[in-house]
Amino acid sequence: MLRSLALIPHLVGIYVRTRMEYRGAMLLAWLSQAFSYAAMYAAIAIIIFRFETLGGWAWPEMALLLAFHLLAYSLGAALSFVQFRDIEEKVRLGTFDAILVKPVGPWLFIAFSGLNIGYGGHIILALGLMIWSLTQVSADWTMLTALYFLAALISAAMLTAALMTMIGATALVWVRSRHLFSIFFGFWELARYPLNIFPLPLQVLMITFAPLGFLAFIPTAVALGKPVPLLGDWAGPASLAIGPLFVLIAMAHWRHCLRNYQGAGG
């Protein structure tokens, strides 16, 4: 186990060096992604300025929710999205078999040998927006609240990585799984808005079957002292537990899919 962990810096270093061969292209990609999200957030800001609030959330509070949503997603997806999206192609071409014989666990190799530094633009924008919004919201920030906020951010990133691992791993059994990413991103788009603006069935869905309500709304609402539909006082503990819980579920799902993997030909 320790030997495998010691390989992580080498795997990351090799990938980063290959990406840094084209620094200009990478920086342009960061800028384009940051401007794309900034334009989207500007449209949301215009709507809120016109109607004053969105589901009871003023613009500084909404900006904090958007920043949390983007940062948690970026941290989790950097370890999982592109890497596990491409498992389908590896299975179809038969190249996944080569990963199984490497002297390191297949999940660790896939996640860290392709650590996606392309999310740099997302992270810079999210951090900038978060710092600004934290200076604007009228919340009583204590040391305990700050620690909760940081822990909830890590938990949300873990949730993102776990869900994408599960979706990618499904290709080991079904061969095809990219359509499941489309479903994920459908709910992910909704997760950047306050949960209370949606009808009750959708609120239940985004807390249970597709728990992306925990990606931003629930931890941000708890930190700001806002009510959380359905969960109430359980929202804080649940947002801290959801990430580790889904990591355990993803680990079990990954192992199950590996045991049942038979190659593209079945």
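A short reminder: the numbers here are calculations on the coordinates, not readings from a lab. As the structure is a prediction and not an experimental result, all values here were calculated from the model. FYI the Cβ positions are ideal-geometry reconstructions off the backbone, even for glycines, and counts take in every protein chain you see.
Structure summary
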quantity: Selected from Thr142, Thr170, Thr160 as most flexible by GNM, with the chain as the system and alpha-carbon contacts under 10 Å; calculated: Thr142
quantity: For the chain, built as a Gaussian network whose Cα springs stay under 10 Å, the top-fluctuating residue of Leu79, Leu70, Leu127; calculated: Leu127
quantity: Two-decimal Rg to Rh for the stretch 17-114 - Kirkwood Rh, Cα set; calculated: 1.15
quantity: 0 to 90° range, to nearest 10: angle between helix 235-259 axis and the chain longest Cα axis; calculated: 20
quantity: Residue order, fewest to most surrounding Cβ atoms within 10 angstrom, among Asp86, Asp97; calculated: Asp97, Asp86
quantity: Centre separation in Å (Cα based) which lies between the stretch 169-212 and the stretch 98-137; calculated: 20
quantity: Charge dipole magnitude, Cβ of K and R +1, D and E -1 - the stretch 73-209, Cα centre, debye nearest 20; calculated: 240
quantity: Most mobile listed residue (Val101, Val91, Val137) in the chain, GNM with C-alpha springs under 10 Å; calculated: Val101
quantity: Cα-based Rg of the chain normalised by 2.2 N^0.38 Å, two decimals; calculated: 1.06
quantity: Check: the chain dipole with +1 on Lys, Arg Cβ and -1 on Asp, Glu Cβ, in debye; calculated: 720
quantity: Ranked Thr165, Thr95, criterion: other C-beta atoms within 10 Å, fewest first; calculated: Thr95, Thr165
quantity: Cα long-axis angle, helix 59-77 against the chain (0 to 90 degrees, to the nearest 10); calculated: 10
quantity: Rounded tilt (10° steps) of 143-174 against the dominant C-alpha axis of the chain; calculated: 40
quantity: Largest to smallest principal axis extent of the C-alpha atoms in the stretch 144-266, angstrom; calculated: 53, 30, 17
quantity: Extreme residue, positive dipole direction of the chain, given options Phe51, Phe209, Ser133 (C-beta unit charges); calculated: Phe209
quantity: Helical contribution to [θ] at 222 nm, DSSP H n ≥ 4, -39,500 (n - 2.57), averaged over the chain, rounded to 500; calculated: -22500 deg cm²/dmol
quantity: For the chain, with +1 on Lys and Arg beta carbons and -1 on Asp and Glu, the positive-most of Gly121, His253, Leu27 along the dipole; calculated: His253
quantity: Listed residues Ala111, Ile154, Leu231: farthest to the positive end of the dipole of the chain (Cβ charges); calculated: Ala111
